Amino acid sequence: MAAAGLSYALLVQGSPYSRQPAHSALRFAEALPDQGHRLACVFFYHDGVYNAAAMMSPPPDEPHLLMRWRALHDAQQCELLVCVASALRRGLLDDGEAQRHGFEHASLASPFELTGLGQLIEAAQRHDRLITFGP
Amino acid sequence: MSTLHLVNHSAFTSRVLEEVRHAAQEGDAIMLIEDGVYSALGADIMPFAPRVSVYLLTEDARARGLDADGITSASVRPVDVAGFVNLTAEHDRTLSWS
């Protein structure tokens, strides 16, 4: 018998459109409410941070991962947390970081937020389950 | 404390499943997703400890043409994504192997 009403955190480490972890995590996340569970947050780490690229523009007949993350956020009010150290290295900057580094525009999509690795540790401690979707 | 071992690489390209075989304890379960479903090809998946169940995600098997009768091992149980969610809830923790 499955435990009911659990709080979940997901960790996504894979790059979008190269391997499958973003798709697997989205499909898993979208299935949680029907089983009585709650998605609290998704943490994006390593190449997983590319899921937060604001200018992601796939062909119209392909899955738009950024839009699906946004829809997930709207549907389940989950936090979309991006490791700041992984993100800055890969050119994903929010308004504050863009300004600080002398760029005109941010490249991190809203509602993704840059956070430290401490948030991942906190998510692992605070929520009932942490599921990693690796590369 | 039971563990769900999540495997997303094929046993034909990665030795991860062999490592999982040594790590899995009685009462644990193995969940094959993504290319991990290829490990279920054939009659016999490598032996696991007693009372270790092996599952595969039907959506990923279907996407790879592995959903017809008899293609995957009879000892591997197919589950859909709802079943995958339930397995993560039933086990105390989920460990992802890459």
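Counting only protein chain heavy atoms and rolling a 1.4 Å probe, the accessible areas of B:51, A:90, A:129 rank, largest first, as B:51, A:90, A:129. Remark: relative contact order (the stretch B:3-97) = 35 percent; criterion is Cα-Cα distance under 8 angstrom and separation of 6 or more residues.
Within the full protein context, the accessible area of residue B:30 is estimated at about 0 Å² for a probe radius of 1.4 Å.
Solvent-accessible surface of the stretch B:3-97, averaged per residue with a 1.4 angstrom probe and all protein chains in place: 46 square angstrom. Among the protein heavy atoms of chain B, carbon and sulfur supply 48% of the accessible surface, probe 1.4 Å, non-protein parts ignored. Taking every DSSP helix (H) stretch of at least 4 residues in chain B, weighting each as -39,500 (n - 2.57) and dividing the sum by the residue count yields a mean residue ellipticity at 222 nm of -6500 deg cm²/dmol. Going by accessible surface with a 1.4 Å probe and the largest first, A:57, B:96 read A:57, B:96. Remark: mean inter-chain Cβ contacts per residue of B:27-38 equal 1, using a 10 Å Cβ-Cβ cutoff to other protein chain atoms.
Computed from Cα positions, the angle between helix A:21-31 and the longest principal axis of chain A comes to roughly 40 degrees. For the stretch A:1-82, which chymotrypsin sites (Phe, Trp or Tyr not before Pro) are both in a DSSP coil and crowded by at most 16 other Cβ atoms within 10 Å? Of the chymotrypsin sites (Phe, Trp or Tyr not before Pro), the ones in loops of the stretch A:1-82 whose Cβ has at most 16 other Cβ atoms within 10 Å are A:17. At 1.4 Å probe size, with every protein chain present, just tell me what the per residue accessible area of the stretch A:22-135 comes to in Å². Accessible surface, normalised per residue, equals 50 Å². 3J(HN,Hα) along the stretch A:88-96, derived from phi through the Karplus expression 6.51 cos²θ - 1.76 cosθ + 1.60 where θ = phi - 60°, amounts to 4, 4, 9, x, 9, 10, 7, 4, x Hz, with x in place of Gly and Pro. Surface burial for A against B, with a 1.4 Å probe and both sides summed, reaches about 1700 Å² of accessible area.
Computed from Cα positions, the angle between helix B:81-90 and the longest principal axis of chain B comes to roughly 20 degrees. With contributions of -39500 (n - 2.57) from each DSSP H run of at least four residues, the per-residue ellipticity at 222 nm computed over chain A stands at -9000 deg cm²/dmol. Tell me which of B:56, B:16, B:32 sits at the most positive position along the dipole axis of chain B, charges placed on C-beta atoms (Lys, Arg +1; Asp, Glu -1). Of the options given, the answer is B:16. Here the mean projected area of the convex hull built on the C-alpha positions of chain A is 8.6 nm².
Computed from Cα positions, the angle between helix A:65-76 and the longest principal axis of chain A comes to roughly 50 degrees. Rounded to the nearest 10 square angstrom, residue A:47 shows an accessible area of 60 square angstrom against a 1.4 Å probe.
Between the alpha-carbon centres of the stretch A:1-64 and the stretch B:1-57 there is a gap of 22 Å.
The values are calculated or read from the model by the stated rules, or taken from the named source; none is laboratory data. Quick caveat, the model's predicted, so the values are computed rather than measured. Every residue, glycine as well, gets a Cβ built from its backbone with ideal geometry; the counts of neighbours run over all protein chains shown. We work out accessible area using only protein heavy atoms, side chains counted, and drop any ligands, DNA or RNA first. Shrake-Rupley method; radii C 1.70, N 1.55, O 1.52, S 1.80 Å.
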